[in-house]
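Down below is the structure, laid out as structure tokens.
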Amino acid sequence: MARAIRQNLSAGKVVSGGSTISMQVIRLSRKGKSRTYLEKLYEVILATRLELRYSKAEILALYASHAPFGGNVVGLEAACWRYFNRDVHELSWGEAALLAVLPNSPALIHPGKNRDQLLLKRNALLDKLQQAGVIDEFTCSLAKEENIPDQPSALPRYARHMLQRIVRDGGAQTRVRSTLSVGVQRRVEQIVQDHHKQLAGSQIYNAAALVLDVETGEVIAYVGNTDVEETGYHGEEVDIINAPRSTGSILKPFLYAAMLDEGKLLRNTLVPDVPTVIDGFSPKNFKREFNGAVPASQALIRSLNVPAVHMLRDYRYEKFHTMLKRLGMTSLNHPPDHYGLSLILGGAEGKLWDVTGMYASMARVLNRYFKRTGDQRYLASDFHTPTYTKKNVASDESNIKPDQSSLLSASAIYQTLDVLKEVYRPGEETGWRNFYSAKKIAWKTGTSFGHRDGWAVGVTPQYAVGVWVGNADGEGRPGLTGTETAAPIMFDIFSMLPGSAWFQEPYLEMQQIAVCSKSGLRVGEYCEATDTTWVTPKGLDARACTTHKRVHLTPDLKYRVHAGCAPLGDMVSVNWFVLPPLQEHYYKPRNVSYRTLPPYRADCGDQGGLVVMELVYPKPNARIFIPRDLDGAPGSAVFELAHRSALATVHWHLDGEYLGNTTKNHRFALNPGEGSHTLTLVDDAGVLLESQFEVFSK
Ligand SMILES: [Zn+2]
């Protein structure tokens, strides 16, 4: 201090600060105070207190984070990013030396003649470091070759939505050490942005991706939205990862797993896929066609909606609602009745954060099953939400006792993920598409009603990746499907992540049983061909196949008979795979091996011969004229059918395409267009009526 005062007095102005690092820290904290001797004295007192209270290392850290580095750059870390665009740990000796000398004369960094002076200062420090033996001569001379950076560039904006979220969660003005991996984050941002450039051409402007570590649930990459690429505003600042969006089919695997767990379903149990009306709700498949009946595993990977609704009706939507909440879905704000069966078709909104977390939890429970021993291999807390801050999970769990059972068992989860690893998807959503992947990934896509949201979520034993694509404002686009838009992003992200082995099979918890190869049910009395399959413990109680029946036929196999109309010696008994009539109608054309049961012999009594359905208009093979509407648009005609049963539901198809159904009054307004047409009507008992007609113009 004495030296500084003497020099300043003789020079007539302030030329020497006489400050130690501690004094400078105090000065930085008292910005704007005039540099008088009184103030200086006060600062000395404060600095002494600082010295007494903090270690040298702490004081240096305080200094480094508040020191000026030229312009509006404050703090060592900000300086690293703005001058060198990298983290403080990645600095070279030359860069470190520059940042060390800069706070003493921050103005030198500005372009101009001062820069030579700054270079000299830096090199002097490097020389000192070499003399002190910290660096060798070679390092020193290399460091001196480095240029001095130009104007500071803007701070990088990596993980900006993650930052938003931290602030929203109350983390503003604090230092948060996130679980993000900088490398993965940057690459995922790049992947999303690359796809965004293409998608923007189809007026799809937003996308989000979340990468989780399965074991910990920690966030590795968090891309909440796209970066602004084109002119116009498309809600790029919205953090989609945390926004509730319609879930499409993305929740179907949880229903499949829950039903396997309860033995309500085995892996390939046939599920109905026929025109269905439940409480006025009439689900449609993405491709508006029906398969009659499909194995549940196929229904899952082809994402068929009608079988899913049948499955949910069987499981009960109230129970599924509870299950989803317990699995971690936080956006189910309404009671179960509000959603009803639409719960499985995207009737509920979900956040990418929750959904990806739920997939990760499934994988975690399965992984950890093998890490525990005995018959207590589950921990309720293995199902948990993702986290972006480091948590000491081990200590949290040390006082929780493992359970014998789980929300979803390891065997149900294994089978579900095993079905979902299928790469070939004869996609119900967009047509066949083959995603090549060298790694095994269990994945599922989803598309919301009106093509507003495309989802893809995948898991491996190590990672869970969730991707959402759409428009933040909810605008739908043709071609916006999970398979077409989100799945390619998800596969790109997986191909960049390290691979891992596939899940282990929890054999200890599974049993092998014989199943009917056609119905996928437990082998029944009359099943012909059988397969073996692994089932969950409750799968042992799954119902046996009753689709195979014992039928009695005439020796030429042309007619059915029964004991009342044919002597025993005159009949042969065979096993026959008999689907309910309506299922049969749609199943048969797709399964060439399916054989319809022969009719009863005339003398064996049957309602055969009675006309159940009859077309009132148009009569078979009629030529009809449909006038145009007043505005010139093609008009429509009301077709009408009479049905013997007052309770019947009739399904209408025009030229093979499903139109809808009628009950009670079987009238349907149709606009078939000019030419020949085929009208196909099927009632819920499977009775079929096919009729041709022709529409002519004047
Ligand atoms: Zn069978």
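A few remarks follow.
- Annotation: lysines with alpha-carbon distance below 26 angstrom to residue 121 (same-chain offsets under eight excluded): 13, 31, 56, 113, 144.
- Gained length - residue 146 relative to residue 678, 0.36 nm times residue gap less alpha-carbon distance: 183.4 nm
- Whole-angstrom gap from the range 628-698 to the range 98-171, using each part's C-alpha centre: 78
- Per-residue Cβ neighbour rank within 10 angstrom, fewest leading, 513, 45: 45, 513
- Contact order for the chain, expressed relative to its length and based on alpha carbon pairs under 8 Å spaced 6+ residues apart, stands at 10 percent.
- Only helices enter the 222 nm calculation for the chain: every DSSP H run of n ≥ 4 contributes -39,500 (n - 2.57), and dividing by all residues gives -8500 deg cm²/dmol, rounded to 500.
- Calculated from backbone phi, Karplus (6.51, -1.76, 1.60) coupling profile of the range 441-451 in Hz, x at Gly/Pro: 9, 8, 9, 8, 10, x, 9, 7, 4, x, 6
- Separation of the residue 92 and residue 172 label points, Cα + 7 Å toward Cβ, nm: 4.0
- FRET efficiency estimate (nearest 0.05) - Cβ-Cβ, residue 600 to residue 568, R0 22 angstrom: 0.85
- Listed by chain and number, the lysines whose alpha-carbon sits under 24 Å from that of residue 558, ignoring those within fewer than 8 places in the same chain, are 518, 549, 588.
- Cα gyration tensor shape for the range 566-698, rounded if a/c is under 1.5, else prolate or oblate: prolate
- In the range 204-255, the chymotrypsin sites (Phe, Trp or Tyr not before Pro) that fall in loop regions by DSSP, at most 15 other Cβ within 10 Å: 233
- Relative intensity, log₁₀ I(q)/I(0), of the chain from a Debye sum that treats every alpha carbon as a point, q = 0.07, 0.09, 0.10 Å⁻¹: -0.67, -0.93, -1.06
- Per-pair calculated FRET efficiency, R0 = 35 Å: residue 193 and residue 124 via Cβ, rounded to 0.05: 0.20
- Pairs with C-alpha atoms separated by more than 29 Å, drawn from the list 421/538; 264/325; 444/664; 371/440; 264/421; 287/444, are 444/664.
- Charge-dipole axis of the chain as Lys and Arg at +1 and Asp and Glu at -1 on Cβ define it, positive-most pick from 133, 672, 616: 133
- Computed on the range 65-160, with alpha-carbon pairs under 8 angstrom and 6+ residues apart, the relative contact order is 32 percent.
- Spatial separation of Cα centroids for the range 312-375 and the range 563-589, in angstrom: 42
- In terms of other Cβ atoms within 10 Å, 359, 600 run from fewest to most in the order 600, 359.
- From least to most packed, judged by other beta carbons within 10 angstrom and beginning with the fewest, 189, 318 follow the order 318, 189.
- Out of every Cα-Cα pair that the range 252-392 contains, those further apart than 19 angstrom amount to 57 percent.
- Alpha-carbon centroid distance for the pair the range 271-308 / the range 501-532, whole angstrom: 23
- Taking 4.7 Å between C-beta atoms as the pairing limit, the chain has these partnerless cysteines: 80, 140.
We did not get these values from a lab; they are worked out from the coordinates using the rules stated. Just so it is clear, the structure is predicted and the values come from calculations on it, not from any experiment. Heads up, the Cβs are rebuilt from the backbone with ideal geometry, glycines too, and the neighbour counts pull from every protein chain shown.
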